[in-house]
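**Student:** This is the structure I have questions about; it appears just below.
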Amino acid sequence: MKTSEIDEIRRLCLLYPEVHEHIDGFGHVSFRVKDKPFVIIGETLSIKTLPATQEILLEQPGYIKAPYIGRHGWVLVEVEEVGWRVIEGMIREGYLIAAPKRLANLVQNG
């Protein structure tokens with residue numbers, strides 16, 4: 001991924017409460033809330049989705065079921081194909097899935 005894309009994803013993720021960035025032993029960057037990842041950046045962008053959302057996305061161009069973690073709702077997203085507005089919404093959904101109820105409610109009601 002391009003540095004500018006990573007910077008934009010970082011900016012979008014860090015808008016949410018109690019999010020921190022983590023780099024694993026493979027050099028993958030993840031954004032987590034209470035140590036639960038909702039965005040992972042490796043060679044590609046992976047975002048956590050609800051199973052129903054994942055099913056819909058996989059029928060459209062620009063989305064692929066993530067290897068290994070796809071069974072948990074993760075999709076690989078082609079940034080150029082889907083656009084930033086869609087990615088922003090997906091990051092929000094991923095955050096709301098991973099966040100504890102208290103934080104999710106804060107975001108939804110704030």
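The values are calculated or read from the model by the stated rules, or taken from the named source; none is laboratory data. It should be emphasised that the depicted structure is a prediction, and the values quoted were computed from it without experimental measurement. No Cβ is skipped: glycine too gets one built from the backbone with ideal geometry, and neighbour counts run over all protein chains shown. Note: accessible area is taken over every heavy atom of the protein model, side chains too, but ligands, DNA and RNA are not part of it. Shrake-Rupley method; radii C 1.70, N 1.55, O 1.52, S 1.80 Å.
**Student:** What is the Cα convex hull volume of segment 6-54 when expressed per residue in Å³?
**Tutor:** Details: hull volume 4.5 nm³, N = 49.
Expressed per residue, the convex hull around the Cα atoms of segment 6-54 is 91 Å³.
**Student:** While we're here: Over all Cα pairs of the chain, how is the pair count split among 10 Å bins, expressed in % and running from 0 up to the last occupied bin?
**Tutor:** Histogramming the chain at 10 Å steps yields 14, 51, 32, 3 percent.
**Student:** Excluding LYS65 itself, what net charge comes from residues whose Cβ is under 15 Å from its Cβ, given Lys and Arg +1 and Asp and Glu -1?
**Tutor:** Working: positive: LYS48, ARG71; negative: GLU55, GLU59, GLU78.
Summing Lys/Arg as +1 and Asp/Glu as -1 gives -1.
**Student:** Mind checking which aspartates and glutamates have their C-alpha under 17 Å from LYS34, skipping anything on the same chain fewer than 8 residues away?
**Tutor:** Candidates past the 8-residue exclusion: GLU18, GLU21, ASP24, GLU93.
**Student:** Please report, as a whole percent, how much of the solvent-accessible surface of the chain comes from carbon and sulfur atoms (probe radius 1.4 Å). Working shown, then result.
**Tutor:** Values: 3540 of 6550 Å².
Roughly 54 percent of what the probe reaches on the chain is carbon or sulfur.
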